[in-house]
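Take a look at the structure below.
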Amino acid sequence: MPSFLQQILFLILPILGAITVHEYAHALSAFKMGDPTPKYFGRLSLNPIKHLDPIGTLVLFLTKTVGWARPVPINPFNFRDPKKGMLLVALSGPFANLIFGLLCAFLYRSLKGLPLVFFDPLLIMLKLSVVINLGIALFNLIPVPPLDGSKILYGILPKRKDYLLLKLERYGFLILLVLVLSGVIGGVLYPVIQSGVKFLIGESL
């Protein structure tokens with residue numbers, strides 16, 4: 001059983017990797033669709049420091065499953081179709097985490113049977129990567145600003161309903177903190193993440 005310090009160290013790379021993949025996917029998809037805003041703000045980058053949010057990162061270390069990064073600045077009016085553009089950009093982050101999680105699961109299963117002790121730390125980090133990528137992907141689908149789910153909802157709702165999200169945005173961060181710290185989100189998402197991890201790597205959390 002890894003010590004507390006070892007657990008923290010093992011979490012660093014999986015968390016940085018998951019956050020970077022998620023935010024870079026947002027920035028790249030927006031840029032490819034004609035919005036240069038992420039590039040102007042230095043977010044079209046694989047440098048994790050560019051994407052870290054102190055509170056969201058701390059939540060990730062505490063929960064080991066869910067958290068958030070600094071939102072990528074995007075101007076939807078640079079898209080040919082602002083609503084469709086925001087929908088695709090919002091979906092790109094969770095989708096990138098799912099793909100990255102699948103890749104980590106494949107590597108974990110490939111290395112698991114090899115009788116080499118020095119693979120143990122790598123296996124631990126790969127398993128944590130599967131957990132965290134699934135967690136971030138599912139967590140971000142919750143329709144509360146500033147999470148991707150709210151942008152997906154924006155892309156789906158009729159334009160006349162946009163004001164509802166604008167009202168919610170004022171209190172989004174506070175709602176998010178309450179949901180996370182009260183254990184509501186963990187209680188809902190944790191069983192789903194656990195089932196996903198078991199399906200992908202054949203082991204429970």
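Scanning segment 128-159 for residues that are touching a Pro at 6+ places or on another chain (Cβ under 7 Å), buried (at least 24 other Cβ atoms within 10 Å of the Cβ) and not aliphatic (A, V, I, L, M) turns up Ser129, Asn140, Asp148.
Limited to segment 161-179, what total is found for residues that are modelled with pLDDT of 80 or more and in contact with a helix residue (DSSP H, G or I) (Cβ under 6 Å, 6 or more places away or on another chain)? Selection size over segment 161-179: 1.
Checked against the criterion of being closer than 24 Å to Pro71 by Cβ, touching a residue at least 60 places away in the same chain (Cβ under 8 Å) and small (Gly, Ala, Ser), segment 154-170 contains one or more residues that satisfy it. Within segment 71-93, residues that are over 12 Å from Ser29 (Cβ atoms) sit with their Cβ atoms under 6 Å from residues that are assigned to a loop (DSSP other than H, G, I, E, B), at 6+ positions apart or across chains, in these pairs: Pro71/Pro146; Pro73/Phe41; Asn75/Asp35; Asn78/Gly34; Asn78/Asp35. Could you check segment 192-205 and list, in sequence order, the residues that are part of a helix (DSSP H, G or I) and closer than 12 Å to Gly135 by Cβ? Hits for segment 192-205 are Val192, Ile193, Gln194, Gly196, Val197. Of all the listed residues (Leu114, Leu58, Leu46, Leu122), the sole one being without any contact (Cβ under 8 Å) to a residue 60 or more places away in the chain and closer than 24 Å to Leu176 by Cα is Leu58.
The values are calculated or read from the model by the stated rules, or taken from the named source; none is laboratory data. Quick caveat, the model's predicted, so the values are computed rather than measured. With ideal geometry, Cβ positions are generated from the backbone for all residues, glycine too; neighbour counts draw on all protein chains shown.
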